[in-house]
Structure formats: C-alpha cells, structure tokens
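Everything on this sheet refers to the single structure shown next.
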Amino acid sequence: MTDRFATVRERMVQEQLLRRGITDSRTLQAMAEVPRHLFVDDAMQASSYGDHPLPIAGDQTISQPYIVAAMTQALQLLGDEKVLEIGTGSGYQAAVLSRLCTKVYTVERINTLLAGARRIFDQLHYYNILSRLDDGTLGWAEYAPYDAIIVTAGGPGIPDSLVEQLADPGRLVIPVGGRDVQELQLLTKEDGEIHIQRLESVRFVSLIGEQGWNG
Ligand code: SAH
C-alpha cells in the first residue's frame, strides 16, 4: 500500500525485523504492507513505526513491531490456514495475520477496542477477519479447530480450551508467566502429541478471564 508512511514502514522492516533475524518472507511482506499508523491515535501516528510498543485505549498496548513479526513468524503460516487470535486490541496483529492466511477469528473483551478495530478492518477492506466480544481464554468453539492460535496477552498458563481448539497439526503462541514479565511459548500439536518450546522474554498486558488472571 502506498501512503505517506510507506518509506518509514520499509525502514522498520529493514532495521527492526530483518536485522533481528525475522526471515519469513511472507511475514516481512505483510509487515511492509499493513499501515500500522492507522491502528493508533492520530497524535501517535508519527511514532507508530518506532521500535517500541504503543498505548491504545483501556490501558492496553500494541506490541513492538519486532514482537508482532516474531509471533507471526512462529506460526509458520502458508496461506490456507484458519487462525484464532485472543486479544484483538487495536486490531494490528489481526490485520497482519489476515494477509497471511484464509481467515482470522479474533476475540476481545473490551468493547471500545473491538469497535475501533472493526472500523479499521472495514476501512482497509480486510474482510477475512471475524471478531467477537467475549472471554477469549475459552477460545471460540464455534469455528474450531484452528490451524494456528495466537494469544496477545500474558496469562499464568496455557488455557486448556485453546489447546483443545487447536488443530492437529497446529501451532499456538502465547506469553506465559507473571503479571509483569512472561516468556513467549510455542506449543505444537502433532500426531496427538504436544511439545512446548520457549522462545524469548516478553512483557504483555494481562490475559484476564476464566482461564487467565482474575481481573
Ligand atoms: N493484538 C493486539 C494487542 C492488544 S493488547 C494489537 O495488535 O493491538 C492485549 C489485548 O488482550 C487487550 O486489548 C486486552 O483487552 C485483551 N484481552 C485480555 N484478556 C482477554 C481475554 N480473556 N479475552 C479477550 N481479550 C483479552
């Protein structure tokens, strides 16, 4: 997409993603395409491609570009997947995913955030994103199983509902740990077996719900 931030966005891809080892060409392409500045308040547009997270409404945050790319790359999407995201927030991560798979299902617990994200999806004509207001720790059973699941808020553990709703084979990425610091975990399901790999240390807002933190 050509807009006044196209050059800054390209620089973000070069300096923050390629240089730190994001190698998946489809992920890099999606990050170069999705207009991140549209997902933040007008006053923050100019800094929206910086190497840091950004505040959004309701005391929540959009992750740093590198973390969005690293989590996306970990899902190894090829194009024909159904992906479930928990924590729509601004909608930016869902937008990136929507360029890389058939359909994104995304769940958010804060209504104002969901409404804002939906407006931008429409504005960008990203019609392969279906969203819902709910407690995402319980997943979204109606459309399960999902080939990939991404949780963009940090929980004390991996919610059972999400593991159940993951396809076989399937990949799930989630920050797990304490309230302040977590480690990014990649769970893979294959031939009925579950493996968990620890990726890197991260800081996410809390995953709040029945199979997350209590508020
Ligand atoms: N992916 C988002 C990141 C948003 S921050 C983006 O790209 O902007 C994490 C989001 O998770 C917050 O909006 C928060 O409200 C939401 N969240 C926390 N617990 C949740 C739950 N149980 N179900 C759904 N959303 C949840």
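Computed from the coordinates by the stated procedures, all read-outs in this text should not be read as laboratory data. None of the values given here were measured: they were computed from a predicted structure. Note: ideal-geometry Cβ built from the backbone for every residue, glycine included; neighbour counts use all protein chains shown.
Restricting to the stretch 19-65, give me the number of residues that are surrounded by fewer than 16 Cβ atoms within 10 Å (Cβ to Cβ), touching a residue at least 40 places away in the same chain (Cβ under 8 Å) and not in a helix (DSSP H, G or I).
Residues flagged as surrounded by fewer than 16 Cβ atoms within 10 Å (Cβ to Cβ), touching a residue at least 40 places away in the same chain (Cβ under 8 Å) and not in a helix (DSSP H, G or I) within the stretch 19-65 amount to 5.
Got a sec? Which of 90, 98 is crowded, with 21+ Cβ neighbours inside 10 Å, more than 9 Å from the ligand (Cβ to nearest atom) and of a type outside the set (Lys, Arg)?
Of 90, 98, the one residue that is crowded, with 21+ Cβ neighbours inside 10 Å, more than 9 Å from the ligand (Cβ to nearest atom) and of a type outside the set (Lys, Arg) is 98.
Checking the condition among the polar types (S, T, N, Q), within 12 Å of the ligand (Cβ to nearest atom) and either part of a strand (DSSP E or B) or closer than 16 Å to residue 31 by Cα (or both), which residue from 112, 106 passes?
106
Go through (1) part of a strand (DSSP E or B); (2) touching a Gly at 6+ places or on another chain (Cβ under 9 Å); (3) buried (at least 19 other Cβ atoms within 10 Å of the Cβ); (4) in contact (Cβ under 8 Å) with a residue 24 or more places away in the chain for residue 168 and report which single condition fails.
Exception for residue 168: condition (3).
If the Cβ limit is 9 Å and pairs must be 6+ apart or interchain, which residue in the stretch 89-102 that is over 10 Å from residue 68 (Cβ atoms) pairs with which residue that is assigned to a helix (DSSP H, G or I) and within 6 Å of the ligand (Cβ to nearest atom)?
89/113; 90/113; 91/113
When you check residue 84 against the structure, is it closer than 26 Å to residue 134 by Cα, among the aliphatic types (A, V, I, L, M) and under 15 Å from the mean Cα position of the chain (by Cα), yes or no? Let's see the steps before the verdict.
Working: closer than 26 Å to residue 134 by Cα: yes; among the aliphatic types (A, V, I, L, M): yes; under 15 Å from the mean Cα position of the chain (by Cα): yes.
Yes: the conditions hold for residue 84.
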